[in-house]
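So the structure is just underneath, and the comments pick up after that.
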Amino acid sequence: MTRKRPMLLPTLVFAIAGGLLLVAQEQRSETLPPGKNPHLGNKESIRQGMALYRARCADCHGLDASGYRGPDLVAAIGGGMTEERLFQTIRKGVPGTEMPPTNSPDDDLLMLIAYLRNVGTAAPADSPVGNAENGAKLFASQCASCHRVAGRGGRIGPDLSRIGIARSRAALVREIRTPSEWLEPNYETVTLVTKDGQRIRGLKKNEDVFSILVMDTRERIQGYLKSNLQDVIYEKASLMPEYGPGRLNDKDLNDVVGYLSTLRGSDVAVR
């Protein structure tokens, strides 16, 4: 009696198919892979793409992809940015900027693109943590003189009415603890020295070869001809002071960030 040989063919086919799938997932292309993006419209892929975006992109482009250190991706994609260009920008980065290249698998990039194509339908904001009510009181006493929320507050700092959908919690903590780490355009600190020695410190709002426009610390917009100035000093420090643990303890910081995380539109107000 002859023995039957083991059925190896199905196992072999499965192993080959699994290997091909693994190779496809680990592939790293310089250009957009041919064919339709398999992750477009797939809820699980979009969820994974959102997790990748939060971990790798949100600190520069904003939690809602509307721009921060990096450009507004919602506007770019809505303005007709092709998938090929988006893929290559993510893959190769942008020379001369903070946008680095990446060696991540094609599959990660395709999931990121799927998320960005659906960014308006996914909830990007972190869940609030901390005592938001106490955070609102701390904000009103220590921050509202410089920052506006829902039309109320100062103008020397950025408007924070939608900060909860524009920044991650980690980014908010860094900006409060070390505000000079990065200065947002139009909020760069400058000191002008006039010919008679008067010093005007404020925010640079515009500049060309011949003139400079600033908002001083009293929120007055003033323009100066450089020929009438003794010096223009470009400072690396933010006008916003550093809120270290001695000035804002960890619990209060958590409460302030918890409050800021609730600011997601025009229905918010400083309490």
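The values are calculated or read from the model by the stated rules, or taken from the named source; none is laboratory data. Remember, it's a predicted structure, so these values are computed and weren't measured experimentally. Virtual Cβ from ideal backbone geometry, glycine too; neighbours counted across all protein chains shown. We work out accessible area using only protein heavy atoms, side chains counted, and drop any ligands, DNA or RNA first. Shrake-Rupley method; radii C 1.70, N 1.55, O 1.52, S 1.80 Å.
The single residue among Leu116, Leu112 that is in contact (Cβ under 8 Å) with a residue 60 or more places away in the chain, part of a helix (DSSP H, G or I), in contact with a Gly (Cβ under 6 Å, 6 or more places away or on another chain) and hydrophobic (A, V, I, L, M, F, W, C) turns out to be Leu112.
Checked against (1) in contact (Cβ under 8 Å) with a residue 40 or more places away in the chain; (2) open to solvent by 40 Å² or more (accessible area, probe 1.4 Å); (3) polar (S, T, N, Q), Ser161 passes all but a single condition, namely (2). Taking first residues from segment 83-98 that are touching a residue at least 40 places away in the same chain (Cβ under 8 Å) and partners that are open to solvent by less than 50 Å² (accessible area, probe 1.4 Å) and part of a loop (DSSP other than H, G, I, E, B), the Cβ contacts under 6 Å between residues at least 6 apart in sequence or on separate chains come to Glu83/Leu32; Glu84/Leu32; Phe87/Leu32. The set of residues in segment 148-158 being open to solvent by less than 50 Å² (accessible area, probe 1.4 Å) and touching a residue at least 40 places away in the same chain (Cβ under 8 Å) consists of Val149, Ala150, Gly153, Gly154, Ile156, Gly157. If you go through segment 255-271 and keep only what is within 20 Å of the chain's Cα centre (by Cα), in a helix (DSSP H, G or I) and either modelled with pLDDT under 80 or not small (Gly, Ala, Ser) (or both), you end up with Val256, Val257, Tyr259, Leu260.
The conditions of being at pLDDT below 90, surrounded by 15 or more Cβ atoms within 10 Å (Cβ to Cβ) and in a helix (DSSP H, G or I) are met by Val74.
The set of residues from segment 188-227 being open to solvent by 90 Å² or more (accessible area, probe 1.4 Å) and touching a Ser or Thr at 6+ places or on another chain (Cβ under 7 Å) comprises Arg199, Arg201, Leu225.
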